[in-house]
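A.B. asks: Just dropping this structure here.
We did not get these values from a lab; they are worked out from the coordinates using the rules stated. Small disclaimer: the values here were computed from a predicted structure and weren't measured. Cβ placement follows ideal geometry from the backbone for every residue including glycine, while neighbour counts extend to all protein chains displayed.
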Amino acid sequence: MDEKMIQEITQRGRDFLKSQDTMEMERNGLEGYQTDQELKRPQPPLVKAPMTDSPIDLPRDFENLGMEDNLVQLLLKRKSSRVYTQEDMSLLQLSFLLWGTQGVKDIRGKSYATLRTVPAGGARHPFETYLLVRQVEGLVPGMYHYLPMTHQLELLSAQEDPQALLDFAEESLCGQRWAAKANVVFYWSFVPYRSEWRYGIFAHKLIMADVGHVGENLYLACAALGLGTCGIGAYDQATTRRCATRPSSWTGKRSTWSTPRPWAPSRPRTRAKRRPSTALWRSRGCKMRPLLPLCMEGERGERCAATRGKEHG
Ligand SMILES: Cc1cc2nc3c(=O)[nH]c(=O)nc-3n(C[C@H](O)[C@H](O)[C@H](O)COP(=O)(O)O)c2cc1C
């Protein structure tokens, strides 16, 4: 890549971080610009419709978890862990992590908005959660989708071959095998039109800010349970694009699928181990990128349109 192109791309990234209102005003003038909400166009569904018809209820008796609930202690404990014990995680623990990151506390209006355990710009909550489950009591290993309205999981694809699961996770995490060994890997995708409907051309930076809250809640929820986790910015975009569909095949390199922004909660080993080398994912062409966009589900609400009217709650 030549220097000029590097500079252009860098500038685009910097511009993205600036206030889009001001930027677009300067460039194009925005008088008269209205978002779809202002234009009274129909609102997209608050969540993605289930993809299967046999959801799994998640337990909610979180008081049985015996958690650390002192905020100062939690903030002190919060850290990234990269070595895991390989003990089972309970379904109740996983349930708490899902509730803590995307759980629905209330619904406002006639399905106008969800209020959740995390904040989101305009309460749009554009994310969908996918889980690669390796070792959770009561769940067959495989890929799952979280249904936040009903606090349920749906199994998208089972995979009982532990090696295939590991290979898939490792590939999606750009060769970070230590992370692939987590009990469960969280992958978050976003449905852009949920935010764009309200914020139009200004939605995208908000989505990036929103996901930081989701990740931090996972860190804190893990700290409360004595579990380890680590945010992952280095992921393979080509495989991640295929996340939001039911995988048809788990075998072979590049035949697997996932979505970005994985987090890998698991039980941390107490003694710190050697940090993994960045050379591994560099060698695979996956450089460390500290803040990455999420996987999109459809352009401008395509998928929303497909599921419109089918939302539950
Ligand atoms: C968005 C984001 C992406 C990250 N990506 C990776 C990653 O790909 N690999 C890794 O080993 N650590 C990753 N981390 C963990 C950071 O390296 C870690 O947060 C940082 O070193 C500070 O350590 P602490 O979390 O224990 O305070 C990521 C953290 C965040 C928030």
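A.B. asks: Thr35 versus Ile9, label points 7 Å from Cα toward the beta carbon: distance in nm?
C.D. replies: The two pseudo-label positions are separated by 3.1 nm.
A.B. asks: Quick one: if you stick a label point 7 Å off each Cα along the C-beta vector at Ala209 and Ser19, how many nm between them?
C.D. replies: That separation, rounded to one decimal, is 1.1 nm.
A.B. asks: Could I ask something else about it? List the residues of the range 130-149 whose backbone N lies under 14 Å from a point placed 7 Å from the Cα of Glu160 along the Cα-to-Cβ direction.
C.D. replies: Residues 139-142 qualify, since their backbone N sits under 14 Å from the label point.
A.B. asks: Could you give the nm distance between label points at Glu63 and Thr85, where each point is 7 Å from its Cα heading toward the beta carbon?
C.D. replies: Distance between label points: 2.6 nm.
A.B. asks: Quick check for you: which residues of the range 198-223 have the amide N under 16 Å from the point 7 Å beyond the Cα of Gln73 toward its beta carbon?
C.D. replies: Within reach of a label on Gln73: 220-223.
A.B. asks: Out of all Cα-Cα pairs in the range 58-150, roughly what percent, to the nearest whole number, are more than 18 Å apart?
C.D. replies: On the way: 2445 of 4278 pairs.
Tail of P(r) above 18 Å: 57 percent of Cα pairs.
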